[in-house]
Amino acid sequence: MMQISPAAASPSSRTTREPELRTQGSEQARTQERTQAQTEGSPAPLIQVTDLQKSYKTARGALNLFHGLSLQVEPGEMVAIVGQSGAGKSTLLHILGALDAPSAGTVYCASTNVAQLSPREAAAFRNREIGYVWQFHYLLPEFTALENVAMPLLARGTQRLEALWVAANWLREVGLEDRGDHRPGELSGGEQQRVALARALVNNPRLLLADEPTGDLDEITAGRVFDLIERLHASHGLTSILVTHNLDLAARCTRALRLEGGRLAPLAASPQTGLQAGII
Ligand SMILES: Nc1ncnc2c1ncn2[C@@H]1O[C@H](COP(=O)(O)OP(=O)(O)OP(=O)(O)O)[C@@H](O)[C@H]1O
Ligand SMILES: [Mg+2]
């Protein structure tokens, strides 16, 4: 695959600038629309989950993960979900992001009934509406950082050169404009996760789903990656759901929920300090 460093991808001629300006313009317009809708108080929640159930067949019988779980998330919210290992946090994110299907209940996400999507529709829905970040970056090791960020654009049919320009802008936004030609193995853990964030958001999705995005990082790096998520959440008018074991980070979200016994409930806060600090 041809390699273009962010510097090389920075266009100088009129011909090469046009796609970037067009893409930036439409992205700015979409972000503005979202921010305006949020300020005016959009009537429709972005996520509406009702009576969700999920069962797995196991050798020891059915494993029923959720018990009538409900969740409503308004546009612009940044919601933390905490809970013990095995509570079903990742499964819930997979269902919201149309990576897994519910056994019962309704799941509306970004105006879409995700349970009714065919595999092809689900892939298109994810590409258009969802930015997904996992604990491990899952960058493709044989491609550069710039190419990794450009992948979702290429998958939706964007011209290669335009995809690389947009990707270069996203690398700049996450502070890695000078790392575009590095392969994932040539990046630090925090840098890998910043590239993964740029890749998750390059298609300008409405919803960011992050599953322990800082779980594999040391405390200082985790704090910096979380700062970046907060900044991107605000500047791009995102609605974000973050699964974390870190209560300090959960306390920085607009709302924190605990998944326990198959249901979501507000995370108890102590009166003086907000949430109890620490890791669960
Ligand atoms: N495909 C599957 N078949 C059977 N059981 C499954 C399957 N996927 C997940 N589970 C079970 O469902 C439960 C919830 O898994 P999940 O990965 O959602 O937990 P989690 O809350 O994300 O945990 P962690 O904090 O460790 O990541 C676990 O007990 C797991 O073993
Ligand atoms: Mg998990």
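Points to keep in mind about this one:
- Odd one out for L117 among (1) under 29 Å from N203 (Cβ atoms); (2) within 16 Å of ligand 1 (Cβ to nearest atom); (3) not polar (S, T, N, Q): (2)
- For the stretch 79-90, the condition of being of a type outside the set (D, E), in contact with a strand residue (DSSP E or B) (Cβ under 6 Å, 6 or more places away or on another chain), near ligand 1 (Cβ under 10 Å from one of its atoms) and in a helix (DSSP H, G or I) holds for at least one residue.
- Answer from A122, A101 - the residue that is over 25 Å from E230 (Cα atoms) and part of a helix (DSSP H, G or I): A122
- Residues of the stretch 154-168 that are surrounded by 20 or more Cβ atoms within 10 Å (Cβ to Cβ), out of contact with any Ser or Thr (no Cβ under 9 Å at 6 or more places or on another chain) and outside any helix (DSSP H, G or I): none at all.
- As a summary of the residue check, R120 satisfies the conditions (1) more than 14 Å from ligand 2 (Cβ to nearest atom); (2) of a type in the set (K, R); (3) surrounded by 17 or more Cβ atoms within 10 Å (Cβ to Cβ) except for the one numbered (3).
- Check on R160, away from ligand 1 (no atom under 16 Å from the Cβ) and at pLDDT 95 or above: yes
- Long-range neighbours under 8 Å by Cβ, at least six apart or interchain, first residue under 22 Å from L257 (Cβ atoms) within the stretch 45-72, second surrounded by fewer than 16 Cβ atoms within 10 Å (Cβ to Cβ) and of a type in the set (F, W, Y): L63/Y56; L65/Y56
Residue-wise test of (1) among the basic types (K, R); (2) at pLDDT 95 or above; (3) buried (at least 19 other Cβ atoms within 10 Å of the Cβ); (4) out of contact with any strand residue (DSSP E or B) (no Cβ under 9 Å at 6 or more places or on another chain).
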site: R183; (1), (2), (3), (4): yes, yes, no, yes
site: V195; (1), (2), (3), (4): no, yes, yes, yes
site: L201; (1), (2), (3), (4): no, yes, yes, no
site: L208; (1), (2), (3), (4): no, yes, yes, no
site: D216; (1), (2), (3), (4): no, no, no, yes
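Quick grid of which residues meet (1) within 16 Å of ligand 2 (Cβ to nearest atom); (2) exposed (fewer than 13 other Cβ atoms within 10 Å of the Cβ):
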| position | (1), (2) |
| --- | --- |
| V49 | no, no |
| Y56 | yes, yes |
| G83 | yes, no |
| S90 | yes, no |
| P102 | no, no |
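- Lone qualifier among T221, T239 - being at pLDDT below 95, within 28 Å of E77 (Cβ to Cβ) and away from ligand 1 (no atom under 16 Å from the Cβ): T221
- Residue check for D181: in a loop (DSSP other than H, G, I, E, B), within 16 Å of ligand 1 (Cβ to nearest atom) and touching a residue at least 40 places away in the same chain (Cβ under 8 Å): no
The values are calculated or read from the model by the stated rules, or taken from the named source; none is laboratory data. Nothing here was measured: the structure is a model prediction, and the numbers come from that model. Note: ideal-geometry Cβ built from the backbone for every residue, glycine included; neighbour counts use all protein chains shown.
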